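Heads up, the thing below is written out as structure tokens.
Any read-out appearing in this document is the output of simple, stated calculations on the displayed coordinates, not a laboratory observation. Fair warning: this is a prediction, and the values are worked out from it, not measured in the lab. Positions of Cβ are generated from backbone atoms using ideal geometry, with glycine treated the same way; all protein chains shown enter the neighbour counts.
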Amino acid sequence: MKQKKQLAVLLVLLLIAAGVWLWSYRRGNSPSTNDPPLTARKDPVPIENPQIRMDEIEKARKAEYKSSGRNIFSEIAQAAPGGPKGPKKVDTVIVVNTPCGVYGPCPEPPPPPCKLPPNVKFFGYGVVPNGTSRRAFLTDGEGAVHVVSEGEVLLNRFRILRIGNGSLQFEEISSKCVVGTTPLEEQAGSPPGGPTG
């Protein structure tokens, strides 16, 4: 009994759908009162002889442009209010060869890479327990060890950008130098102030 009800509902829904489709199809194709009847329309271009006329094509190919001596662009410029009254004077440009070419001054050279003072050495790095930031160990050659992490300032001059396994990237705060890199320098003994063993 349940399947018969479902089948009956399905048939009713199909009939309704077919009715809606038929109604919209007829409504969409019915001519409106504003449109002219189809019989009243004319061909957009009446063609008397549809064959290709090779003689006309050859005539067009052989045609050559001949100017009448009239410059419409200068007439437009003179007719415009405030436009020039005669031909515009052109300034002479002198081209000079430069070390960078013939088109002008050389661009400024890039700034030099930053360098740490010669006595400062990057000798190691470590990770804080329960932390993710690395710490770099640097010595100033006088026995003092500086421990800095990324983003901190060393010697009030250098900002540490990245601490890698084999190098340290930094920039000088006061100058416009390019980011500098210093390699990890392994020492034969233990670092100054470190444990001996």
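Things to note:
- Segment Leu155-Glu186, extension gain: residue separation times 0.36 nm, minus the distance between their alpha carbons: 9.0 nm
- Segment Ala63-Ala18, extension gain: residue separation times 0.36 nm, minus the distance between their alpha carbons: 9.8 nm
- Between the beta carbons of Asn165 and Glu108, assuming R0 = 30 Å, the FRET efficiency works out to 0.30 to the nearest 0.05.
- Here the simple spin-label model places points 7 Å from the Cα toward Cβ, and for Arg53 and Arg27 these points are separated by 5.2 nm.
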